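Engineer: First the structure, which I've put down as structure tokens, then a few questions once you've had a look.
The values are calculated or read from the model by the stated rules, or taken from the named source; none is laboratory data. Because the structure is predicted, anything quoted here is derived from the model rather than measured. Positions of Cβ are backbone-derived with ideal geometry, glycine not excepted, and every protein chain shown enters the neighbour counts. These area figures cover heavy atoms from the full protein model, side chains too; ligands, DNA and RNA do not enter into them. Shrake-Rupley method; radii C 1.70, N 1.55, O 1.52, S 1.80 Å.
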Amino acid sequence: MSDAHAPLVEASATRTVPDAPLNPVIEAVDLNIYYGSFHAVYDVNLAYGKNEITAMIGPSGCGKSTVLRCLNRMNDLVASARVEGTVTYHGINIYDPKVDPIEVRRHIGMVFQKPNPFPKSIYDNVAYGPKVTGMKLESSLDEHVEWCLRKAALWDEVKDKLKESAFSLSGGQQQRLCIARAIATKPDVILMDEPCSALDPIATAAVEDLMVELRNDYTIIIVTHNMQQAARVSDRTAFFTARPDETTGNRTGLLVEFDKTTTIFSNPSDQRTEDYISGRFG
Amino acid sequence: MSTTLSDVQDGETPPINLGPSSSRLGEKAIVGWLLLCASLSVLITVGIVAALLGDTIRFFQRVPLSEFFRVGQWAPWQGDFPVFNLVMGTLNITMYALIIAIPGGLGAAIWLSEYASNRTRKIVKPVIEVLEGVPTVAYGLFALLFIAPMLKSVWPTWLPGKLGQEPELQFAGAAALVMGVMLIPTIASISEDAMRAVPSGLRQAAYGLGSTKMQVALKVVVPAALSGIVAAFVLGISRGIGETMLVLMAAGATPNASLWPNDSVLTMTAFIARTAGGDISHGSTEYYTIFAVGSVLFVMTLGMNMIADFFVRRFRETYE
Ligand SMILES: Nc1ncnc2c1ncn2[C@@H]1O[C@H](COP(=O)(O)OP(=O)(O)OP(=O)(O)O)[C@@H](O)[C@H]1O
Ligand SMILES: [Mg+2]
């Protein structure tokens, strides 16, 4: 591992965050999500601010990943999934029948929990997106790949082995490669589902630094189980929990509280949030 | 310093016995049986090669290599032994069959693996696997009685040159067309297995980057499954080269050195079947031709597998 990572550029605590997202890039309004007849997520209303990092936290199974996948229509790939309500991206409802989900995903990229590089070379992994989307690049493809790898703080580690298989990298390097691959299509928003859960503390720190760095150009939405991580990197935090249905006993996820990260972690207004962040959840 | 088990045990702990609790004879017997099965298949293979080799050598004691490998008309009954026309016959039919079977099989596999709904796949996959088991004599009859006359009647005779000539009752194209269709299930089924084994995380990554369904299939899934797909092609080619009944029935019996689909050809396999089934005297030179041609067939299939192996190694994209 390289030790070239700068410490966190600015801790969230010292950053001034407006009380409400000023110009939200994505807004979920009355979002209800079902898998078949199972009501997975109930009535979520959330706004994700531009150039902010929004964290979604909560106990396992409360629907964080489900909500995240709805934001770029990745849930279309699950045959049984159904969405009610609206998700707007710059004011356009992405569930409008006229909207092409492929186009949505070109604007809203995604990084997954388990590093999933393609079984291709490091170079080809990053070049994949620009190639399939037919992007018009200002620079050459080589320069663009270098730019992405630099952004993902991976360049120094891989610049001499770009033609080698992505599987020759460590797990942490693979995850940063996946981030480089995601920014290669120049999305506007990056969704990250527990991007550090498979990584060691050093690799995690590298990815966290990267998120903070990327915030200047992108809007980032991250799902995490690591509350220190949410506290360290995010500007706003949404806390979800699951509530059992009285009749069926199914656990439906819902949004409990959404506020500035500093407020959520120092002065939450809901008892359930306080119990969860202080570890008294049970 | 060496420590034995009894040194470790001091007087207070009860003695521990870590030796086997029984002789496990049954287990040893089963392992022996498995070993026997494995060696049997190796022995049979070696036996076939040895039998082939012995009689092939006897053939070449009578007919020089230069005669066997010269370009010329195959007519063993009058002392002409160039295998060239038989090889051409096999190449002719296999080539046209693959032109149909490879795109057809790969297309079917991509559709099944990436486009079909789970319900459709659960119905279609077993049907395809049943089709693989249809006896080739059934395909042969179909080619002879239905496809050949039909192709003959609609043959584009307005085409210039050789291709415009109406074929005889049995011809390469009819056998190749049916063989191509016959190979589609084999290629489709094995390729589909390989494509389904590609982790769904790779597909999700590709969709997440804004790929279309076709891009996911062709740029991510097919390259990741390439070694399995090439294996399917090789199996298809080997089956095509080795197919006997269908070509015996539908391709004719004239050993033409022709790559035209409207010519009658005699393949290596069809020659072997005809000659072995006819009344030839054991020990005659004609009898030994069977083994010489069989060896050529064996070497071609082996070479095919080696080329495929090379390609798989060279272009494989392994995922964990
Ligand atoms: N593809 C699916 N089909 C059916 N049900 C699903 C599917 N994916 C998730 N669910 C259900 O939806 C609910 C929410 O799942 P989700 O994965 O969104 O939770 P999560 O908050 O991300 O949990 P974790 O923290 O463990 O990742 C769970 O009850 C889960 O069983
Ligand atoms: Mg999850």
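Engineer: With the structure loaded, tell me whether B:Asp263 is away from chain A (no Cβ under 14 Å), open to solvent by 70 Å² or more (accessible area, probe 1.4 Å) and over 30 Å from A:Ser168 (Cα atoms) or whether it fails that test.
Structural biologist: Considered against the rule, which asks whether it is away from chain A (no Cβ under 14 Å), open to solvent by 70 Å² or more (accessible area, probe 1.4 Å) and over 30 Å from A:Ser168 (Cα atoms), B:Asp263 comes out as no.
Engineer: In addition: Restricted to the stretch A:178-189, and to residues that are within 11 Å of chain B (Cβ to nearest Cβ) and touching a residue at least 60 places away in the same chain (Cβ under 8 Å), which residue is surrounded by the most Cβ atoms within 10 Å (Cβ to Cβ)?
Structural biologist: Among residues in the stretch A:178-189 that are within 11 Å of chain B (Cβ to nearest Cβ) and touching a residue at least 60 places away in the same chain (Cβ under 8 Å), the one surrounded by the most Cβ atoms within 10 Å (Cβ to Cβ) is A:Arg181.
Engineer: Hey, among A:Ser65, A:Ser60, which residue is within 14 Å of chain B (Cβ to nearest Cβ) and either outside any strand (DSSP E or B) or open to solvent by less than 10 Å² (accessible area, probe 1.4 Å) (or both)?
Structural biologist: Every option except A:Ser65 fails the conditions.
Engineer: Now a separate question. For the stretch A:145-196, which positions are out of contact with any strand residue (DSSP E or B) (no Cβ under 6 Å at 6 or more places or on another chain), of a type in the set (A, V, I, L, M, F, W, C) and part of a helix (DSSP H, G or I)?
Structural biologist: A:Val145, A:Trp147, A:Cys148, A:Leu149, A:Trp155, A:Val158, A:Ala166, A:Phe167, A:Leu177, A:Ala180, A:Ile183
Engineer: Next question, about the same structure. Polar (S, T, N, Q) and either within 14 Å of chain A (Cβ to nearest Cβ) or touching a Pro at 6+ places or on another chain (Cβ under 9 Å) (or both), is that true of B:Thr275?
Structural biologist: In short, yes.
A quick yes/no check of all residues on (1) in contact (Cβ under 8 Å) with a residue 24 or more places away in the chain; (2) more than 9 Å from chain A (Cβ to nearest Cβ); (3) surrounded by fewer than 20 Cβ atoms within 10 Å (Cβ to Cβ); (4) in contact with a Ser or Thr (Cβ under 8 Å, 6 or more places away or on another chain):
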{"residue": "B:Gly173", "(1), (2), (3), (4)": "yes, yes, no, no"}
{"residue": "B:Leu177", "(1), (2), (3), (4)": "yes, yes, no, no"}
{"residue": "B:Met182", "(1), (2), (3), (4)": "yes, yes, no, yes"}
{"residue": "B:Ile187", "(1), (2), (3), (4)": "yes, yes, no, no"}
{"residue": "B:Gly210", "(1), (2), (3), (4)": "no, no, no, yes"}
{"residue": "B:Val221", "(1), (2), (3), (4)": "yes, yes, no, yes"}
{"residue": "B:Ala225", "(1), (2), (3), (4)": "yes, yes, no, yes"}
{"residue": "B:Gly228", "(1), (2), (3), (4)": "yes, yes, no, yes"}
{"residue": "B:Ile237", "(1), (2), (3), (4)": "yes, yes, no, yes"}
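Engineer: Could you identify the single residue in A:Val104, A:Val83, A:Val99 that is surrounded by 17 or more Cβ atoms within 10 Å (Cβ to Cβ), β-branched (Val, Ile, Thr) and either facing chain B (nearest Cβ under 10 Å) or assigned to a loop (DSSP other than H, G, I, E, B) (or both)?
Structural biologist: Criteria check complete, one pass: A:Val104.
Engineer: Restricting to the stretch B:74-91, count the residues that are modelled with pLDDT of 85 or more and polar (S, T, N, Q).
Structural biologist: 2
Engineer: Let me ask another. Output the residue which, of all residues in the stretch A:190-206 that are crowded, with 21+ Cβ neighbours inside 10 Å and touching a Phe, Trp or Tyr at 6+ places or on another chain (Cβ under 9 Å), is farthest from the other protein chains (Cβ to nearest Cβ).
Structural biologist: A:Pro195
Engineer: For the stretch B:70-97, which residues satisfy the criterion of being open to solvent by 10 Å² or more (accessible area, probe 1.4 Å), among the hydrophobic types (A, V, I, L, M, F, W, C) and part of a helix (DSSP H, G or I)?
Structural biologist: Residues satisfying the conditions are B:Trp77, B:Phe84, B:Val87, B:Met88, B:Leu91, B:Met95.
Engineer: Right, another one. I'd like to verify a number: residues in the stretch A:109-158 that are at positive phi and either in contact with a helix residue (DSSP H, G or I) (Cβ under 8 Å, 6 or more places away or on another chain) or of a type in the set (A, V, I, L, M) (or both), how many?
Structural biologist: Of the residues in that region, 1 qualify.
Engineer: Name the single residue, out of those in the stretch A:207-246 being out of contact with any strand residue (DSSP E or B) (no Cβ under 9 Å at 6 or more places or on another chain) and either within 29 Å of A:Thr133 (Cα to Cα) or open to solvent by less than 10 Å² (accessible area, probe 1.4 Å) (or both), that is nearest to ligand 2 (Cβ to nearest atom).
Structural biologist: A:Glu208
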